[in-house]
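S.K.: Input: one structure, supplied below.
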Amino acid sequence: NNHKSDSRGALIVLEGLDRSGKTLQSRKLISYLEGLSYSVESWRFPDRNTGVGQMISSYLANKSELDDHAIHLLFSANRWEKRFVSMSHALCYVLLLQRSLMENKLRCGTTLIVDRYSFSGVAFSSAKGLDIEWCKAPEMGLLAPDLVLYLDIPPEVICSIIKFVVEVKAPEMGLLAPDLVLYLDIPPEKAAERGGYGGERYEQLEFQRKVVRSYQILHDASWKTIDACLPIEDVEKQLQEVVLDCVTTCQKGKPLSQLWS
Ligand code: NYM
């Protein structure tokens, strides 16, 4: 039935200050969901493996200098580049360009656990004093092609693709809104006491205090705040509960929506 075909994976984002435990808890959520036989994938931003990601990484390591606006746009570009998939097979090429990689995964039933997303982009850049609306702008907008036909396949296959594309509902425009944002709440002073802090740009107490204020502005009813100072197992338990609830809602066909639309 109709309802069943709308079943999809959930887009779940973890946010919080540096050293709030996002990466560890993301890993734990992945094994938890895999243990329950869900199809699940771990994503993170910045993705340092791409060309843009390497520029970001070098900036964060203080090995290069960039204008605050320019680095903000690079972080955003790093999310947008996930729309593009290079595939040698023409059929996949056509199908995947129609939808972003992210939307495709979700619609195929895979839940994505994303370690930082657009909220980090806005929180960290606006903490430097950039206008918050300006920071949000590159995360919305850009029009996706409705259809890209790469004519290197037999005509019968093209026909089936066109039929498929016509059946696809609204084309995606901006970046997708997460189904759940998990905010791992930790006072900046406590985060600073945790190991490995201070190595990268931004990992300074005074700056992280500003980031907290920016996160507070972005916070809305769809966010779940978890006390990141609790023992690891307690944080883990609380996350499991809300995540399972969200995954179940998405399986039942909760529609996807656009970020800040
Ligand atoms: N960061 C991360 C930003 O400033 N903007 C962004 O859009 C994103 C995704 O990068 N201090 C900052 C937050 C972190 C730093 O992140 C590196 P991580 O999770 O430590 O790799």
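S.K.: Considering all projection directions equally, how large on average is the shadow of the alpha-carbon convex hull of segment 193-261, in square nanometres?
M.R.: 6.9 nm²
S.K.: Set the Förster distance to 25 Å, then compute FRET efficiency between Glu206 and Ile132 from the Cβ-Cβ distance, nearest 0.05.
M.R.: That pair, Glu206 with Ile132, gives E of 0.85.
S.K.: Arranged by the count of other C-beta atoms within 10 angstrom, fewest first, what order do Leu175, Leu112 take?
M.R.: Taking fewest neighbouring Cβ atoms as first place, the list is Leu112, Leu175.
Read the figures in this text as sums done on the coordinates, not as results from a lab. Not measured: the values here are computed from a predicted model. No Cβ is skipped: glycine too gets one built from the backbone with ideal geometry, and neighbour counts run over all protein chains shown.
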